[in-house]
Amino acid sequence: DSIRSLSFGSIIADPSRNETIEIDARFGPAGTIKTSAGASVLSTPGNSGIIRISSGLPFSCTLVFPAGTNLTQGGNSMVVDHFSILSETGGSSPGGVLDLNVGGRLNVQRGQAGGSYSGSAVIMVVFE
């Protein structure tokens with residue numbers, strides 16, 4: 001279940017170069033950081049997503065993320081890749097419920113068209 005969607009915030013793209021924007025969730029709830037040296041502007045911060053895995057019984061699991069996924073708006077798209085996660089319990093749930101912070105890297109093309117982009121990613125849960 002999705003508790004909170006991953007959001008990269010509001011970005012004004014650099015008209016002259018490609019950039020990457022990242023939310024690194026490996027250390028807990030995270031905000032947006034620019035990971036390249038272009039002139040894109042982060043006008044509104046983003047946030048890591050939170051997903052919940054529940055089974056009703058204690059469990060351990062491994063998550064498998066896609067290599068990347070597209071965010072689209074009309075005929076425009078951007079790729080999110082390099083997904084990152086944090087579990088306070090290291091991938092196991094003694095109580096049958098596991099909440100995970102999820103981040104990723106957004107690849108913004110030079111002069112990326114403005115708009116509200118959205119998409120989804122299938123995350124496979126392998127119970128052990």
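Overview of values
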read-out: Derived scalar couplings ³J(HN,Hα) [the range 61-75; Karplus, 6.51 cos²θ - 1.76 cosθ + 1.60; whole Hz; x for Gly, Pro]; value: 8, 10, 9, 10, 9, x, 5, x, 8, 8, 9, 10, 8, x, x
read-out: Cut-off 15 Å (backbone N to label point 7 Å along Cα→Cβ of R110), residues of the range 8-31; value: 13-20
read-out: Heavy-atom accessible area per residue - the range 5-118, 1.4 Å, Å²; value: 51 Å²
read-out: Of A113, A13, A67, the one that fluctuates the most in a GNM where the chain has Cα springs shorter than 10 Å; value: A67
read-out: Distance between modelled label sites at S36 and V79, nm, 7 Å Cα→Cβ extension; value: 1.1 nm
read-out: Carbon plus sulfur fraction of accessible area for the chain, probe 1.4 Å, in percent; value: 53 percent
read-out: Solvent-accessible surface (1.4 angstrom probe) belonging to L71, in square angstrom, nearest 10; value: 30 Å²
read-out: Sequence-separation-based contact order of the range 26-115, relative, with Cα cut under 8 Å and 6+ spacing, percent; value: 34 percent
read-out: Binned Cα-Cα distances of the range 1-71, short to long, each 10 Å bin given as a whole percent; value: 16, 41, 28, 11, 4, 0
read-out: Nonlocal amide H pairs with S93, under 5 Å, H built at 1.01 Å; value: F59, S60
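The values are calculated or read from the model by the stated rules, or taken from the named source; none is laboratory data. Quick caveat, the model's predicted, so the values are computed rather than measured. Note that we place each Cβ from the backbone using ideal geometry, even for glycine, and neighbour counts take in every protein chain shown. Quick note on the areas: whole protein, heavy atoms, side chains included, nothing else; ligands and nucleic acids left out. Shrake-Rupley method; radii C 1.70, N 1.55, O 1.52, S 1.80 Å.
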